[in-house]
Amino acid sequence: MVLAQPLWLALLLLVPLPWLLLRRKGYVGYSDVRLAKTIGASGLLHLIPIVLLSLGFAALSIALARPQNVQVISTQTIKARDIIVAVDKSGSMGAHFEGTIPPRQTGNSELDKEFPTRPKKKDANGIEEDQHRRLDAAQAAVLNFIRDRHSAGAGDRVGVILFDFMPYYSWPLTHDLKMIYRKIEFADEGLGGGTNFGEYKPGPIDFAADHFDELGQSVTKVLIMVTDGEDRLSPGTMQRLQDLLNSKGIKLYVIGVGETMAQRDVDILRLAESVGGKSFRVENAKDLDECFRSIDELERSAVQIETSQKREEMFMAFAMAAVMLLVLGVIGEALVLNQ
């Protein structure tokens, strides 16, 4: 069962209301001490309508969340890889990029029809903002990568993680590369704080490993990290991330952006090399082409995808249960108070 509108579950916060509203009702105001003999039995009766009202609120919130029974009618098996792209959005990615930003590839594909090139941003005074940041170079490289996957029709599933001090999902693994392209198009909206590769858990590698475990289907798992590399990894963290990548069978590719990565001695590059991964330069078109070819050479594995499904609405059953429980709760409370 899935929920089409899960935000309505917030109504579950109303469940304590019957207890708060009705807990003081009952024997307040009685002055005859002989009534104390029936306090135990009446207290139990008073509890029943509260329970019914609480269950009614719970059923109502579930009904409004639109529970659906999903039935997969048919599936298709294809050969594919699971690829997660982790884009660094830390504050240092806003620094001026001294290299050459990869030219934005264009063509006549569906991506060009649905997502034309965005106009340059302007500040409050109408002056075009500098779009020569490290993040702009990273964005251009990832957009070209998604376009390459889309044009190749390789069937790869791609997901996007954005990270600074903490990682967070932009979009989970999917075959819908048009959605991934849209998410990357707006990845330059705002910058975060510092960079954390995993010195403090979770880092982007921890996040990606968990996501592969949760939604991954292919045996071949690839993590592409686009970053300026401005973070240090202690020996203990380096060993932990090496063990994680090796145990999960995740292949790490690092696409470097900025002067720090040009030094070729930063910790994230040493991590990639230590687990048999590769590193590339974002401003080097030859490097990026080699990155794409390296991924294409990786083995594909069988992945099942749903081609059609049927959703059966279960709203009415929960709505009727909610009405019945709420009505019974109100009647029960009225009867208890009249005793």
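The values are calculated or read from the model by the stated rules, or taken from the named source; none is laboratory data. What you see is a predicted model, and the numbers here were worked out from it, not measured in a lab. Positions of Cβ are backbone-derived with ideal geometry, glycine not excepted, and every protein chain shown enters the neighbour counts. Surface areas here come from the heavy atoms of the whole protein model, side chains and all, with no ligands, DNA or RNA. Shrake-Rupley method; radii C 1.70, N 1.55, O 1.52, S 1.80 Å.
Here are the numbers for this structure:
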read-out: Some residue of the stretch 259-275 being in a strand (DSSP E or B), more than 17 Å from residue 207 (Cα to Cα) and modelled with pLDDT of 85 or more; value: no
read-out: Hits in the stretch 262-282 - residues which are open to solvent by less than 70 Å² (accessible area, probe 1.4 Å) and more than 28 Å from the chain's Cα centre (by Cα); value: 262, 266, 274
read-out: Total residues in the stretch 198-222, condition touching a residue at least 24 places away in the same chain (Cβ under 8 Å) and among the acidic types (Asp, Glu); value: 3
read-out: Residue in the stretch 228-250 that is under 23 Å from residue 132 (Cα atoms), open to solvent by less than 10 Å² (accessible area, probe 1.4 Å) and either part of a loop (DSSP other than H, G, I, E, B) or in contact with a helix residue (DSSP H, G or I) (Cβ under 6 Å, 6 or more places away or on another chain) (or both) present; value: yes
read-out: The stretch 199-227: number of residues that are within 20 Å of residue 175 (Cα to Cα), aliphatic (A, V, I, L, M) and in contact with a helix residue (DSSP H, G or I) (Cβ under 7 Å, 6 or more places away or on another chain); value: 4
read-out: Pick from the stretch 173-208, criterion of a type in the set (S, T, N, Q) and outside any strand (DSSP E or B), ranking: least open to solvent (accessible area, probe 1.4 Å); value: 196
